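Derivation of every value follows stated rules applied to the coordinates shown; laboratory data play no part. Source: prediction; values computed, not measured. When we count neighbours, we look across all protein chains shown, and the Cβ atoms used for this are built from the backbone with ideal geometry, even at glycine.
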Amino acid sequence: LITREQQKAAQKQAADMIREAGITMTDEEADSIEVADFGLSNLEKEGIQALALVQTDRISVKVLAMLPNQTVPEHWHPPVDDDPGKEETIRVLSGTVYFYVAGEETFKEGFIVEGKDDSYTMRKEIVMKPGDQLTLAPGEKHWFQTREGGAVMYSFSTIARDALDQFADPDIVRITKVVDA
Ligand SMILES: [Fe+2]
């Protein structure tokens, strides 16, 4: 869980970063930025901020803002009924994103969240700078991370059913609980 205060602070930080990256949004949209802690109550280390620009029954466009040294836990987008699962393209707008997928281990610049070795199994490293993009096939496992300065990126995908995403870390709950402290 996160507190209302944490949510507001992360929304503001994300909104500033997104605008800085050149994306225009209304104040209402800035207030709608999703702040997710994946149920781990450790937002600064494992979490994501996401602004949904398009959400229909077929496609999804989000802007993702990651705070400095924040990690999005390893996950994949499973098939749902006769849909093979979400196909997702990440395109970096600002900052550097350290991306991890299946393949030969080239893990070098990244770090594993303390005590979480078993929850971060993909160790092929792709360092992405502004203008770089990568497409993940449905079901492909991935996790990603930022450093100082954080990062802003687009996520273009087929329909997003975030609540159905699957994670390597058994402690994860996709829907973030916000409490009024
Ligand atoms: Fe994903």
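Quick test of your reading of the structure: TYR100 fulfils all but one of (1) part of a loop (DSSP other than H, G, I, E, B); (2) within 14 Å of the ligand (Cβ to nearest atom); (3) under 14 Å from the mean Cα position of the chain (by Cα). Name the failing condition by number.
(1)
For region 95-146, which residues satisfy the criterion of being in contact with a Gly (Cβ under 7 Å, 6 or more places away or on another chain) and small (Gly, Ala, Ser)?
GLY95, GLY139
Has region 131-148 got any residue that is surrounded by fewer than 17 Cβ atoms within 10 Å (Cβ to Cβ), within 16 Å of the chain's Cα centre (by Cα) and hydroxyl-bearing (Ser, Thr, Tyr)?
yes
Residues to consider are ASP118, ASP162; find the one that is surrounded by fewer than 17 Cβ atoms within 10 Å (Cβ to Cβ) and within 16 Å of the ligand (Cβ to nearest atom).
ASP162
Can you name the residue in region 88-97 that is in a strand (DSSP E or B) and hydroxyl-bearing (Ser, Thr, Tyr) and is also nearest to the ligand (Cβ to nearest atom) among such residues?
Applying the filter and picking the extreme gives THR89.
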